[in-house]
Amino acid sequence: MGIFFLFLVALAAGCTSTLFWIPEDDLGRGYFQMNALIVLGLLALAAAILLLGGVAPFGSSHGLGRVSLLTSLAGAFGYYAGVWQRQWAAARIAAAIVLVGSGVTHWLAGRELVRGAVALPFQSTLLAVSLISSSLVLGWALVTMLLGHWYLVAPKLTFRHLTVFCWTLLAIVLARTVAVGSTLLIAGGVDPRVEPNPWRLLTGFEGQGMFFWFRILWGLGIPLALALMSLHCARRRSNQSATGILYVLVVGVLIGEITAYYLSVTTGVPV
């Protein structure tokens, strides 16, 4: 359940990070209501898991973790109310509360759950980079796909928004790839005589290699190719083609990041 909890909070934070970059009047209340309900549902499910005792993800920071999660949940309610009333300034303040609260929750849970005995240099720094890049790729993949759908509701909407989101998504997938590559580079530099060895534990088929290489293919390789294709379609003003491609990209990212959390928690190597 710890892996699922991390995934829910990461996705909520990532989705919230997308809500500040398009003028509300361009897309209207409905688009932001849809996103508000997604974030609210994700955080409510995470809070239910925590409060029902399904997981204890915060360790000695249990009090702070509960406060940050419940604060982000309250902020999500506030964001929905602000969107409903078209009080955009208040809604943005509430969204900032959600982003900070869910980000703190994600970090506290990740720091506690990704605690393997492996001798990995710079583990805390690599974990922070991994958590941030994971959250961003999850949120931007999902919301970019939903934005592509919104052109069916608002066919006169400028394609500049979809193009910018596709460019951003491509940059984030590249950043996630660099983050994983940096972890692998550092893990590969550990003395082979050290046990448990992070490189062999992660990439060897006697360890978690089967899941790791599946994660690389589905979570990084395929999304990177699809992000390029979706950007090409968006630049040609073909939102239906871009959205169809983004559907597959979202599936790949979801599979890849859930697998990444499983690997990180079980090996202590943040990927």
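The values are calculated or read from the model by the stated rules, or taken from the named source; none is laboratory data. Note that the structure is a prediction, hence the values are computed from the model and not measured. FYI the Cβ positions are ideal-geometry reconstructions off the backbone, even for glycines, and counts take in every protein chain you see.
Listing for the model above:
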read-out: So LEU246, is it assigned to a helix (DSSP H, G or I) and closer than 26 Å to LEU113 by Cα; value: no
read-out: Residue match in region 251-260 (condition: more than 24 Å from PHE165 (Cβ to Cβ), hydroxyl-bearing (Ser, Thr, Tyr) and assigned by TED's automatic domain parsing to the domain that holds VAL178); value: yes
read-out: Residue match in region 26-33 (condition: assigned by TED's automatic domain parsing to the domain that holds VAL9, of a type in the set (A, V, I, L, M, F, W, C) and over 22 Å from PHE165 (Cβ atoms)); value: no
read-out: Single condition GLN208 does not satisfy, out of (1) out of contact with any Phe, Trp or Tyr (no Cβ under 9 Å at 6 or more places or on another chain); (2) within 19 Å of LEU113 (Cβ to Cβ); value: (1)
read-out: Matching residues, region 98-124, being among the basic types (Lys, Arg) and not in a helix (DSSP H, G or I); value: ARG115
read-out: Pick from region 99-121, criterion without any contact (Cβ under 8 Å) to a residue 40 or more places away in the chain and farther than 30 Å from ASN197 by Cα, ranking: surrounded by the fewest Cβ atoms within 10 Å (Cβ to Cβ); value: VAL100
read-out: Residue check, THR158 of a type in the set (Ser, Thr, Tyr) and modelled with pLDDT under 90; value: yes
read-out: LEU120, sole failed condition from (1) in contact with a helix residue (DSSP H, G or I) (Cβ under 8 Å, 6 or more places away or on another chain); (2) modelled with pLDDT under 95; (3) over 22 Å from ALA175 (Cα atoms); value: (3)
read-out: Selection status of ARG215, in a helix (DSSP H, G or I) and either over 18 Å from LEU136 (Cα atoms) or not β-branched (Val, Ile, Thr) (or both); value: yes
read-out: Candidates ALA96, ALA175, ALA141 - the one that is within 27 Å of GLY252 (Cα to Cα), surrounded by fewer than 18 Cβ atoms within 10 Å (Cβ to Cβ), of a type outside the set (D, E, K, R) and at pLDDT 95 or above; value: ALA175
read-out: Residue tally, condition surrounded by fewer than 22 Cβ atoms within 10 Å (Cβ to Cβ) and in a helix (DSSP H, G or I), over region 151-172; value: 11
